[in-house]
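> One structure, as structure tokens, below. Some questions next.
The values are calculated or read from the model by the stated rules, or taken from the named source; none is laboratory data. It should be emphasised that the depicted structure is a prediction, and the values quoted were computed from it without experimental measurement. A quick note on method: Cβ atoms are made from the backbone with ideal geometry, for glycine too, and the neighbour counts reach across all protein chains shown. Remember, those area values only see protein heavy atoms, side chains included, never the ligands or the DNA or RNA. Shrake-Rupley method; radii C 1.70, N 1.55, O 1.52, S 1.80 Å.
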Amino acid sequence: MQPIIDMAALSRLAAETGSSRAATSFVSRFTDLLDERILVIERSFKSPDQDQWYEAVEGLQAAAATAGAGRIQATTALLLTPDQLDAGTALGLIGQLRSDARVFTMAHSALCEEQAFADRLATRRPA
């Protein structure tokens, strides 16, 4: 099973953006848009335009990889295997994406709180 938060991916993102604060901001924006992205995937699945489906799923997969959302990335990979994907399976995986999104959002929130606490401790002056 994939980790909820891929810390190696977050480290790479922090290195690429130049700061952990910028990386956290990217991931926060990613979590803010998760529900909307999943809705787009669900709607595009019901659409006859398969390109729209693949673009929506691949877009979420790429963003999840960057944000360190390992489970979301793994679930989107399953959605991109057309030979194994029937309507019931796809809808089940979309439901799994919703669950993955909630868990990732909670984990990210906890990580942000942990970082804020560590920052407060680091700036605290000794008595």
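> Picking from THR76, GLY88, GLN115, whose Cα lies most toward the positive end of the charge dipole for the chain (charges on Cβ: Lys, Arg +1; Asp, Glu -1)?
Going by the charge dipole, the pick is GLN115.
> Full extension from ASP51 to LEU91: what is 0.36 nm times the residue separation minus their Cα-Cα distance, to one decimal in nm?
Details: separation 40, 0.36 × 40 = 14.40 nm, distance 1.77 nm.
Stretched out fully, the ASP51 to LEU91 stretch lengthens by 12.6 nm.
> Identify the trypsin sites (Lys or Arg not before Pro) of segment 1-69 meeting these criteria: DSSP loop state and at most 10 other C-beta atoms within 10 Å of the C-beta. Walk me through the numbers on the way to the answer.
Values: sites: ARG12, ARG21, ARG29, ARG37, ARG43, LYS46; in loops: LYS46.
Within segment 1-69, the qualifying trypsin sites (Lys or Arg not before Pro) (loop, at most 10 other Cβ atoms within 10 Å) are LYS46.
> Tally up the carbon and sulfur contribution to the accessible surface of segment 10-94 as a whole percent, 1.4 Å probe, everything protein left in place. Please list the in-between numbers first.
Values: 2330 of 4620 Å².
Carbon plus sulfur share of accessible area: 50 percent.
> Then there is this: Describe numerically, in nm with one decimal, the distance between label points set 7 Å from Cα along Cα→Cβ at VAL103 and at PHE117.
Between VAL103 and PHE117, the label points sit 2.2 nm apart.
> What do you get for the angle between helix 20-45 and the principal long axis of the chain? Use alpha-carbon atoms, 0 to 90 degrees, nearest ten.
20
> Mind jotting down the distance between the C-alpha centroids of segment 52-127 and segment 8-23, whole Å?
16
> For the chain, with a Gaussian network of springs between Cα atoms less than 10 Å apart, report the residue from GLN61, GLN96, GLN115 with the top mean-square fluctuation.
GLN115
> Who wins for biggest fluctuation among SER47, SER28, SER20 in a Gaussian network model of the chain, springs between alpha carbons below 10 Å?
Highest fluctuation of the listed residues: SER47.
> Please give the calculated 222 nm ellipticity per residue for the chain, where each DSSP H segment of at least 4 residues contributes -39500 (n - 2.57) and the sum is spread over every residue; nearest 500 deg cm²/dmol?
Numbers: 5 runs with 102 residues, N = 127.
After summing the helix terms and dividing by the residues of the chain, the value is -27500 deg cm²/dmol.
> Report which label in (1) 45; (2) 30; (3) 39 holds the value of percent of Cα pairs over 22 Å apart derived from the coordinates of this structure.
(3)
> Can you run phi through the Karplus equation (6.51, -1.76, 1.60; θ = phi - 60°) for segment 98-104 and list ³J(HN,Hα) in whole Hz, with x for Gly and Pro?
4, 5, 4, 5, 4, 5, 4
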